[in-house]
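A.B. asks: Pasting in a structure now, in structure tokens, and then I'll have a few things to ask.
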Amino acid sequence: MSTSRTSTLSKPTGSDKISVGTLGYVRARNRQRAYDLVVRELKNSGITQAELARRLGKGQDAVSRLLSRPGNWELDTLSDLLFAISGSVPRFSADDPLPARPASAATLRAKSEPKKTTTRTVVPEKG
Amino acid sequence: MSIVTILFQLVNDERLHELQSLFTGDETARTMIVSPDILAAVSPPFPDNEEGRRLGELRAWLDGFMEGCELSVAEDPDRKPPDAMLARVHPVADEFWSIRVTEPEDTPGIRAFGAFGGKDMFIALTWERRELIGDQFNEAVSEVRANWRDYFRSERPFSGDHLDEYLTNFHAV
């Protein structure tokens with residue numbers, strides 16, 4: 001199936017203000033990745049939410065709420081969840097997948113152009 | 001004719017569009033097909049205002065889907081938790097679903113409606129701000145049903161017996 005050309009994000013440049021919408025997109029993306037990381041880790045660990053709650057000294061309802069959707073977790077919350085689930089800690093790296101050119105030019109990128117590799121923003125590091 | 005065969009034609013004719021993740025392009029774990037209306041709404045640049053923030057959230061949801069992120073899925077339209085990310089809508093037998101964008105928290109969010117074309121392939125045809133749907137939710141579902149018929153005629157959405165026939169990497173809520 002052919003893939004439709006779509007506009008792309010481009011890197012911030014100079015002193016140009018980044019739109020609220022773009023920041024909203026990036027924030028939501030990172031919330032999702034953090035959520036995905038924690039829920040995958042929980043599934044892989046085999047422990048229950050009840051056990052996780054006990055490890056964290058929290059009520060099960062509170063943990064269930066945390067894990068119900070990608071939320072705006074504090075960094076401490078992400079840290080606590082990962083460590084409590086599997087003794088893991090987040091490992092951070094900056095990913096740089098965006099083209100450094102205006103979106104109008106980026107839309108013309110041919111599908112045959114070599115694709116940039118991407119890495120997950122945060123991955124668990126076994127402690 | 002299968003849904004996928006029809007989809008090929010619709011995408012080739014640019015009546016529907018296969019979305020690319022803004023960060024990973026077409027290297028995705030799942031497939032998201034969208035209507036021109038949705039494509040226009042979620043294509044950058046996102047406006048520098050509240051509306052842009054909400055549309056950025058919708059785009060992030062769609063990109064997360066394509067990139068195989070974890071989804072919380074509600075199968076019972078009457079018993080879905082408020083935080084469910086994807087939920088069936090009535091009538092269940094018709095196989096239409098609601099994409100539930102519940103962020104930013106200080107807004108009512110956005111709903112997009114569509115159906116599965118196969119495992120890990122969603123076809124999103126309509127969207128609306130939740131506050132504009134109000135209590136006319138059934139009308140919003142009727143709209144997506146009518147849109148589906150326009151595109152797919154008598155072909156019905158994908159149907160499975162269990163959620164793992166629709167999706168990978170999900171948990172039922």
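The values are calculated or read from the model by the stated rules, or taken from the named source; none is laboratory data. What you see is a predicted model, and the numbers here were worked out from it, not measured in a lab. In this analysis, Cβ positions are derived from the backbone assuming ideal geometry, glycine residues included, and neighbour counts consider all displayed protein chains. For accessibility, only protein heavy atoms count, side chains too; no ligands or nucleic acids. Shrake-Rupley method; radii C 1.70, N 1.55, O 1.52, S 1.80 Å.
A.B. asks: Somewhere in segment B:27-46, is a residue modelled with pLDDT under 95, charged (D, E, K, R), under 22 Å from A:Ala34 (Cα atoms) and more than 16 Å from the chain's Cα centre (by Cα)?
C.D. replies: yes
A.B. asks: Pairs needed: first member in segment B:10-21, facing another protein chain (nearest Cβ under 7 Å); second member anywhere, assigned to a loop (DSSP other than H, G, I, E, B) and open to solvent by less than 30 Å² (accessible area, probe 1.4 Å); C-beta distance under 6 Å; at least 6 residues apart or different chains.
C.D. replies: Listed by first residue and then by second, the contacts come to B:His17/A:Ser4; B:Glu18/A:Thr3; B:Glu18/A:Ser4; B:Gln20/A:Thr3; B:Gln20/A:Thr6.
A.B. asks: A further question on this structure: From A:Val26, A:Val20, A:Val63, which residue is over 19 Å from B:Leu71 (Cα atoms) and free of Cβ contacts under 8 Å to residues at least 24 places away in the same chain?
C.D. replies: On the way: A:Val26 fails: over 19 Å from B:Leu71 (Cα atoms); A:Val63 fails: over 19 Å from B:Leu71 (Cα atoms).
After applying the criteria, what remains is A:Val20.
A.B. asks: Out of all the residues in segment B:36-48, which are within 7 Å of chain A (Cβ to nearest Cβ) and open to solvent by 70 Å² or more (accessible area, probe 1.4 Å)?
C.D. replies: B:Pro45, B:Asp48
A.B. asks: Checking A:Ala105 against (1) at pLDDT 95 or above; (2) over 29 Å from B:Ile123 (Cβ atoms); (3) out of contact with any strand residue (DSSP E or B) (no Cβ under 9 Å at 6 or more places or on another chain); (4) among the aliphatic types (A, V, I, L, M), only one condition comes out false. Which one?
C.D. replies: For A:Ala105, the exception is condition (1).
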